[in-house]
Amino acid sequence: MTYSIKIKNILCVLLLGTATAQYPIAQSRDEMFQFISEMPKAELHVHLEGTMSPQTIVKLANRNGYSFFNNVEDVFESLENRAPGLGGFLQHHDKQVSVIQTENDFYTLTYDFLKNCFENNIVYVEFFFDPQIHSERGIAFESVLEGILKGKKAGEKNFNIKSNLIMCANREKSIESAMEILEKAKPYKNYIVGIGLDNGPENGNPPVKFTSFYQEAKRQGYYLTIHNDVDEANSVEHIWQAIDILKVDRLDHSINAIEDLSLVEEINNREIYIAASPVQRRRDPVPQDIGRIKFMLDHGMNVSLHSDDPGEFESGYLTKLLFNFQQAGHFSKRDMARFMLNAFKATWLEQADKDAYIKSFKKWAKENGVRI
Ligand SMILES: [Zn+2]
């Protein structure tokens, strides 16, 4: 061991010592799992099409007469054999999306997702849906929406979960196509709380490509968010475009903001919330971006943690993701509660409803020995 490594280790011990003294660490892994499992949660960054469990995929594949995904082992095998990177991810993703065909399938998909939320103690969810990936498969916008809304209604009733929809345009598609879905969404305006932008590639499809789409969405009264994927070319510039030109209310991912401290300051000044997704892929030893998210929390950024495509990542659904993130990053109970408080504060609920969730969450935290 070299002298400099020794010094570094001593500094680490000192820093960890400070953190431990300030925020008592949970007594045991089991106790922490119980704390995170029972924590009332708000989920704000999750793609409906990426939430499907193997059971739901098999149900829809069999219902629609597909020769693949006949049983859950087929789904596991497809997940297991994905090539690394976005290409491999999309190959499986597109295959599983193809089993969703009818209005009734969207009902099933949404209902099963809300059941999953219930099992993860999620009390409020804003979820993305991507109409363009369905219209290009010949499925009418109305079928998608009617199915989702029926599933949402039944799920909310049976599982006592409140939910809202965020409609995403796909950044690789044209601005005209994005404007088209905004037009088609008009009859459903009361059910869609916000507008987002996802898919990719981000390179060549910067936020400014969608300026008129965002302007029109704001004019129609939607809240606005946008995916700025992690470590893309010009990430920092794209985040500046998102807040200055698109004037978004929230940012998805956008972890690279920490590379520009003036951007960090601006995001904090404007009280913009960041919905991060520290997912874990098959080859990742630990969840992604732990250090950078810790930096955000320590620098007063309003960052929260979400599951993104829980059916397709090793990180899974929200309780599992939060627990693995906590364990790998040695976060305290208070840290985990602060992430979740940020999520409730970031919701696009009516103020009275938001205040009620925040009050209830703070009460739960206090009862569980955490002051936030
Ligand atoms: Zn996402």
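A quick yes/no check of all residues on (1) more than 16 Å from the ligand (Cβ to nearest atom); (2) among the aromatic types (Phe, Trp, Tyr); (3) under 17 Å from residue 181 (Cα atoms):
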| site | (1), (2), (3) |
| --- | --- |
| 198 | no, no, yes |
| 202 | no, no, no |
| 205 | no, no, no |
| 212 | yes, no, yes |
| 217 | yes, no, yes |
| 224 | no, no, yes |
| 231 | no, no, no |
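Evaluate the following for residue 69: is it part of a helix (DSSP H, G or I) and more than 16 Å from the ligand (Cβ to nearest atom)?
Values: part of a helix (DSSP H, G or I): no; more than 16 Å from the ligand (Cβ to nearest atom): yes.
Against the criterion (part of a helix (DSSP H, G or I) and more than 16 Å from the ligand (Cβ to nearest atom)), residue 69 does not qualify.
If I filter region 100-137 down to residues being of a type in the set (Val, Ile, Thr) and in a strand (DSSP E or B), which single residue comes out as farthest from the ligand (Cβ to nearest atom)?
123
Can you pull out the helices (runs of 4 or more DSSP H) entirely within region 231-314 that have at least 1 residues that are out of contact with any strand residue (DSSP E or B) (no Cβ under 8 Å at 6 or more places or on another chain) and small (Gly, Ala, Ser)? So that I can check it myself, show each step before the final result.
On the way: elements: 235-244, 261-269, 290-298.
Result: 261-269, 290-298.
Within region 156-197, how many residues are within 17 Å of the chain's Cα centre (by Cα), surrounded by fewer than 20 Cβ atoms within 10 Å (Cβ to Cβ) and closer than 21 Å to residue 230 by Cβ?
1
Inspect region 66-89 for any residue being surrounded by fewer than 16 Cβ atoms within 10 Å (Cβ to Cβ), touching a residue at least 12 places away in the same chain (Cβ under 8 Å) and among the basic types (Lys, Arg) and give the result as yes or no.
For region 66-89, residues surrounded by fewer than 16 Cβ atoms within 10 Å (Cβ to Cβ), touching a residue at least 12 places away in the same chain (Cβ under 8 Å) and among the basic types (Lys, Arg): absent.
For residues in region 257-286 being closer than 29 Å to residue 80 by Cβ and at pLDDT 95 or above, which is farthest from the ligand (Cβ to nearest atom)? Before you say what the answer is, go through the steps one by one.
Applying the first criterion (closer than 29 Å to residue 80 by Cβ) to region 257-286 yields 275-286.
Of the ones still in play, those that are also at pLDDT 95 or above are 275-278.
Details: 275: 8, 276: 10, 277: 6, 278: 12 Å.
So, considering only residues that are closer than 29 Å to residue 80 by Cβ and at pLDDT 95 or above, the one farthest from the ligand (Cβ to nearest atom) is 278.
Of the residues in region 250-295, how many are basic (Lys, Arg) and surrounded by 24 or more Cβ atoms within 10 Å (Cβ to Cβ)?
To start, the set of residues in region 250-295 that are basic (Lys, Arg) comprises 250, 270, 281-283, 292, 294.
Next cut, surrounded by 24 or more Cβ atoms within 10 Å (Cβ to Cβ) only: 250.
Summing the residues that are basic (Lys, Arg) and surrounded by 24 or more Cβ atoms within 10 Å (Cβ to Cβ) in region 250-295 gives 1.
The values are calculated or read from the model by the stated rules, or taken from the named source; none is laboratory data. All values derive from a computational prediction rather than experimental measurement. Neighbour counts are summed over all protein chains in view; Cβ atoms, including those assigned to glycine, are modelled from backbone coordinates with ideal geometry.
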